[in-house]
Structures are given as structure tokens and as C-alpha cells.
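Written below as C-alpha cells is the structure these notes are about.
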Amino acid sequence: MVKRVLVLLSTGKQGRCVVETLSGRHFQVIALARTAQGPVAQQLASLPNVSLLEGDIGTEESANSVLVRASADGPLNGVVLIQRDEYAVKDGEVEEAKRVVEQVKKHHVGHIVYLGMDMSTTKETTIPYVENKRRVDALIRESASGENAYKWTILRPSTFFENLTDDPSQAGFMITLCTKLIRKPAPWVSTRDTAHFAAASLESPGTFHGKTIPLAGDLVDRQRFEEEWLRAGLPKRILDEVPESAVIQALEGTLTYGLIEFLNSTNAEVDIAHVRAIHPQVVDLRAFLEANKDVLAASLNNKQ
């Protein structure tokens, strides 16, 4: 039987990869988009086994409407919960998750897969972004039992390799942020590998139910990044193109700025050997740069 899955925030970086991966694995995918006419939404609509659903889950009424329409052709086997960063410094992220959980139970959805973040610590922090993720984690776990119980899987990705390629003109900024301002070895992962784990969780709920899995394909510090960057033949000047002071000035007051201190004060919990045992093709820094060096080089050389 073909499984039917609703993907929230389907037009974002993670959502696109999840939709594409599920489509390729023959799920019936309902991709939620605020507007069905956007270029990313239209690209997703062209994929096999994908249908667009226009709407949002910003209120109880709209969330119910989304689940009603998504379930019109049959019950949903799963919901993939991805959230916008703009909610992360407010309670909006938690309130949105509450609405999703309520509708999942109301409409008898079988499984929630939540793409959160690698919090790298069990201790509470003073950072709203981190604490809201923790609250959503707890909400999903604690609401799963009882009437209309559901299965759950929590995936905790980290820094995305794609931050280097989404806008190569900003690669220097991202390199300074991720390898200078963040002074500890940091976990990095590809959105494709995150999507793989989301799909695997829905394919094998018995295996992944009740699991919280930090995701990374590599632990990267400044020295390692420089070595792999130069090994790929990418321009050395980019490594120091953007000074730390410029990045700090640009980020001051943003949620990313608060995360810098958090990441420097904690150690990554991810077990890359465990991740690789489940998904042997998980991408590390060398593989990612090798696969994307031509695109990066062309863009970076055009900046000269």
C-alpha cells in the first residue's frame, strides 16, 4: 500500500529535499505551500507522486483545514514537521507544534517526523531558539500516547553543507561564521541526508519509532575545513575574505548570533558512526566539496 505523507514547509531548504526524496521512494506526497504559484512549489508539483496543498497552519482553523484537505483522498500515514526560523525566538514555534499535534491526533495520523536541531546538550540554556526546540521535542514525545496514539521520530540536523552553495557569493561569510566564530569542531550534514532519514523513518516506523537521532556526516573545525577546501582546488582567498568583526556586526541581534555562544559552550552529541551505520552514503565535507566544487569555483571566481 502506498503511504500518504503531508510535508509542512515544503518549499524551504529541508522541505524541498524531503519532498523530492519521498517522491523518489514512491510515497504519495502532499506538499503544503503558502502559495501554489511560487517557483519552488511549481517545481515540486512537477515531481511524480506529489500534489500541492495551498495553505498554512498559522491558526487552529487553518491547521484543521490543511489536515482535512490532506486527508480527503485517504488517511495520512505521516506528517513531516519542519518549521520556519522566524518562529524560533518566539513562542510561535511551540504553538505551531501544538496545533500540528492536535490535528495529528484528531485525524488519526500514524507518525510524526520532526526535523529539529542538534541541541548538543541536556542542560537548559537561556537561548530561546534552543529552548523552543526542546519544548517541541517534549511536546511530541509526551503527546504520543493515549487516545489516538501516534508514532514519532525526532531528527536533529546541524549545520547544513548547503549553506555554502545556496548562495555561493556568501560562502566567505558562512566560512568565517562556521569555522572562526564557532571555535569547536561542529557537526555538519547535508539536507539530502536529513531527507533520507525522514523517509527511512516513514518507511520503517517500527524501527524508528521513539528514536531521537542527532544527524551529521562530519565534525568540522577550522583546520579541517581549510585542508578540505584547498584539497578541492577552491580559492584560498575566500577563507579569510570576510573578517570576524564584519560577521559579528551583521549577525548582532539575530537568532544566529545567540547560537554562536551556545555552540562554543557545548560539545556535539552526534554519533557519526551510528549515523553512517544506518545510512552508509552519508556525505562528509570532502565528498560535498568534491561534488560541488565546480559550482562554487565558477561563482567565486566571478567575484574577482
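Laboratory data are not the source of any read-out in this text; all were calculated from the coordinates shown. Model, not experiment: these values are computed from the prediction. Quick reminder, even Gly has a Cβ in these numbers, built from the backbone with ideal geometry, and neighbours come from all protein chains shown.
Using a cut-off of 9 Å between beta-carbons, work out the net charge of the residues near GLU203 (Lys and Arg +1, Asp and Glu -1, GLU203 not included). Before the final figure, lay out the partial values.
Numbers: positive: LYS3, ARG25; negative: none.
That sum, taken over residues with Cβ under 9 Å, equals +2.
For region 102-138, no residue has its backbone nitrogen under 15 Å from a point 7 Å from the Cα of ARG183, taken along Cα to Cβ. Using the Cα gyration tensor of region 1-77, with a ≥ b ≥ c the square roots of its eigenvalues, what is the shape: rounded (a/c below 1.5), prolate (a/b larger than b/c) or oblate (neither)? Oblate is the answer for region 1-77, as a/c is 1.5 or above yet b/c matches or exceeds a/b.
Please work out whether region 1-160 counts as rounded, prolate or oblate from its C-alpha gyration tensor, where a ≥ b ≥ c are the square roots of the eigenvalues and a/c under 1.5 means rounded, while otherwise a/b larger than b/c means prolate and anything else oblate? It comes out prolate by the Cα gyration axes.
Close amide H pairs (under 5 Å, H built 1.01 Å from N) link ARG34 with GLY55, residues at least 5 positions away or on another chain.
Would you mind counting up the charge near ALA41? Only other residues with Cβ under 12 Å from its Cβ, with Lys and Arg at +1 and Asp and Glu at -1. That works out to +1. Placing unit charges on each Cβ (+1 for Lys and Arg, -1 for Asp and Glu) gives the chain a dipole about its Cα centre, and among LEU6, THR254, ILE57 the Cα reaching farthest toward its positive end belongs to LEU6.
Less than 5 angstrom separates the built amide H of THR159 from those of VAL189, all sequence-distant by 5 or more or on a different chain. From the coordinates of this entry, mean projected area of the Cα convex hull in nm² is computed, and it appears in [x] 19.3; [y] 22.1; [z] 15.8 under the label [z].
Given the pairs LYS180/LYS293; LYS133/LYS184; LYS184/LYS211; LYS3/LYS293; LYS13/LYS106, which are separated by over 31 angstrom at their Cα positions?
Details: LYS180/LYS293 21 Å; LYS133/LYS184 22 Å; LYS184/LYS211 27 Å; LYS3/LYS293 37 Å; LYS13/LYS106 29 Å.
From LYS180/LYS293; LYS133/LYS184; LYS184/LYS211; LYS3/LYS293; LYS13/LYS106, over 31 Å: LYS3/LYS293.
Using the Cα centre as the reference, give the magnitude of the dipole from point charges on the C-beta atoms of region 92-137 (Lys, Arg: +1; Asp, Glu: -1; all else neutral), rounded to the nearest 20 debye. Don't skip to the answer; put the middle values down first.
Numbers: 8 positive and 8 negative charges, 38 e Å.
My answer is approximately 180 debye.
About its Cα centre, the chain has a charge dipole of approximately 520 debye under the convention of +1 per Lys or Arg Cβ and -1 per Asp or Glu Cβ, with nothing else charged. Neighbours of VAL2, meaning other residues whose beta-carbon lies under 15 angstrom from its beta-carbon, give a summed charge of +1 when Lys and Arg score +1 and Asp and Glu score -1.
Which residues in region 19-43 have a backbone N closer than 15 Å to a point placed 7 Å from the Cα of ASN49 along the Cα-to-Cβ line? Under 15 Å, as judged by backbone N against the label point of ASN49, lie 19-31 of region 19-43.
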